[in-house]
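What follows is a set of notes on a single structure, which appears directly below.
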Amino acid sequence: MAELVGAFAASHAPLIARDWHLLSDARREQITAAFRELGRRMAASRADVIIELSPDHWVNFFLDNLPSICIGVGDTHDDPPEPFMKAFPYRPVLGHAALGQHIAATALARDFEPSISHHLKLDHGFCIPLWRMELPSLPRVVPIIVNDLEPPMISIRRCFAWGKLLADAIASFPEKNLRVAILATGGLSHSIGEPDMGAIDETFDHDCIRAFTNGNEAALVDFLEARMAAAGNGTHEVRNWVIAHAAMGNHGFDLIDYRAVPEVYVGCGFASWRMS
Ligand SMILES: [Fe+2]
C-alpha cells in the first residue's frame, strides 16, 4: 500500500519569479532559505509522488468552465506557460495517472464530485514551489486544482473533508511502498486586482499560523470562515493549507518561515507537518 510521508505548504507569489531580479539581496536570501528548508524536509520524506494542491490562475479554466476541484490524471503535465516561468527546469512534469484516478474514484465512492483532467498545464502556483525547493530530483506530481479564485468556493469544512479523503485514498492505493507527500501552495494573505492591491494582513497571517499550530478543527473553521475573506482575495488559497492539515490529522503544523513581503504583494508562509 501507499504511505503518506509528509505534508508541506508554501506561498507561490508570481513576483517571486517575475521580479526576482528586482528584489534586494537580503530578500532573495530570505526567500531562498525558506524554500531550501522546505525542500530539505521534502527530500527527507523520500516521497515518490507529490499530491499538489493549488488554484489554477486562469490557465486551464475560466468562467465558462470552472470546476471547484479538478484532479490531474495525466501521465505528464504541461509546464507553466507564463513568460516569467521560462527557466522552470522540469519539462514536462511527470504525473501518476493511477494514483490520480484512484483519488477520483475514492472521492466519487464517498459522494464527492471532483472533475478530472487528462491534460493539465501547471502554472506558477504549482511550479514556483516545485522549482524553488531545489529538490535533487522531482517526484511525480498528481495536481489537484482547487478553485480558490472565484466565488462560490468550497467551504472550509469541505476542505477538512477533502484532506481526510486524501489520507484515506493514499492509504488504500495498492501500489506497494509508494511514498506520497502532499504540497499545498498559495496564501497567506494577499490582495490582487482589488482596490487595496498589495495589502498584506499580517494580523490575519499571525492568527492563521496560530490556529494551524493549535490544530483545533472547529476553531480553524470558525477563524477562516470569519476572517479569510476580509484578508484579501488571494487569501482564499489558505484552503489548500487546510486540506494538507486535515490529511495529517490536524496536528504537527511546524512553521518554517513567515514574513510579509510587500515587494511580491504576499504574506509569504512556509510550513511542514510533523509525522506523528
Ligand atoms: Fe495564487
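Read-outs throughout are calculated quantities, based only on the coordinates presented, and are distinct from any laboratory measurement. In this text, all values refer to a predicted model and were calculated from it rather than measured experimentally. So basically every Cβ, Gly included, is an ideal-geometry build from the backbone, and we count neighbours across all protein chains shown.
Assorted remarks:
- Conditions (1) within 14 Å of the ligand (Cβ to nearest atom); (2) of a type in the set (Phe, Trp, Tyr); (3) more than 19 Å from GLU52 (Cβ to Cβ): number failed by PHE204: (1)
- Entirely in the range 1-104, the strands (runs of 3 or more DSSP E) that have 1 or more residues that are aromatic (Phe, Trp, Tyr): 3-10
- Annotation note: of HIS102, HIS119, the sole residue that is more than 17 Å from the chain's Cα centre (by Cα) and touching a residue at least 60 places away in the same chain (Cβ under 8 Å) is HIS102.
- One residue stands out among those in the range 45-70 that are without any contact (Cβ under 8 Å) to a residue 24 or more places away in the chain and away from the ligand (no atom under 16 Å from the Cβ): the one that is farthest from LEU122 (Cα to Cα), which is ASP64.
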